[in-house]
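Student: Just dropping this structure here.
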Amino acid sequence: MITDIWSYLTEGSLVWLAMTVGAYVGAERLWQLSGRKAWGNPIMVAILTVSGTLLITGTSYQTYFEGAQFVHFLLGPATVCLAVPLYTNLGNLRKTALPLLVALVVGALVAMLSALLLAKWLGLEGELLISLAPKSVTAPVAIGISERIGGLPTLTAAMVLITGVIGALIVTPLLNAIGVRDWRARGFSAGVAAHGIGTARAFQVHRTAGAFAGIGMALNALLTSVLAPYVLALIQ
């Protein structure tokens, strides 16, 4: 039975969908065996596994995407589902609306300005510079922002992944080191700075942190889509 399924998959592009799902399932298992350490982040391991497979087999991204695009399609519905933590935490949101609003605005501006100023200092211009502006926003929204403001969506997607993985790796030790104990603050900061991957990490640590990370990720996507053109105009 398994042999028949594999033969069917290898005859078409669905082999890459199976490989993507298998890479994540295997990475998740390895992460659990590691004691759920941050350095064993399953998303990072799955990305490295898929990238390594494509390099070894000489497979182009276009060929891979033909089979794995169903995962990309699901990013849209997953983004819409960000409304769920917003709804279920309305009570907490009302109590902390002002500090969350301040943190959101500061976080969104720092995320954009830090990347753009560093890129400007390194001599990047044009599409390369523009593509960095939405790097802390969840992928479907970041790609849309990049397309609208004249960036390179593929580069933006890569920067989104790098930002999320780095954020997921350092968020827990960093917040522990600076003494942040409130799960709402910890989660919200992870969601604003490291979008979906940071949110997944927050859920692994604490349920409340995960809920507020989802809220931060959703609100940052909305705010960045509004502010990005103005911030770019200021930098350029």
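Since every read-out is calculated from the coordinates, none of them should be taken as a lab result. Here the structure is a predicted model, which is why all the values come from computation and not from measurement. No Cβ is skipped: glycine too gets one built from the backbone with ideal geometry, and neighbour counts run over all protein chains shown.
Student: If you take the charge dipole of the chain about its Cα centre, with +1 on Lys and Arg Cβ and -1 on Asp and Glu Cβ, which of 39, 77, 122 is farthest toward its positive end?
Tutor: Value: 39.
Student: Considering the options 110, 136, 21, tell which one lies farthest towards the positive end of the dipole of the chain, charges being +1 on Lys and Arg and -1 on Asp and Glu at the Cβ, about the Cα centre.
Tutor: 110
Student: Which helices of the chain meet both criteria: a Cα extent of 20 Å or more along the helical axis and a mean Kyte-Doolittle score no lower than -0.5, with helices taken as whole DSSP H segments?
Tutor: Membrane-span-like by this rule: 14-33, 42-57, 61-80, 97-121, 153-177, 207-235.
Student: Additional query: Nearest 500 deg cm²/dmol is fine: what mean residue ellipticity at 222 nm does the chain get from its DSSP H runs of n ≥ 4 alone, each adding -39,500 (n - 2.57), divided by its residue count?
Tutor: The per-residue figure over the chain is -27500 deg cm²/dmol.
Student: Which entry in [x] 19.9, 75; [y] 18.7, 60; [z] 17.3, 53 matches Rg and Dmax of the Cα atoms in Å derived from the coordinates of this structure?
Tutor: [y]
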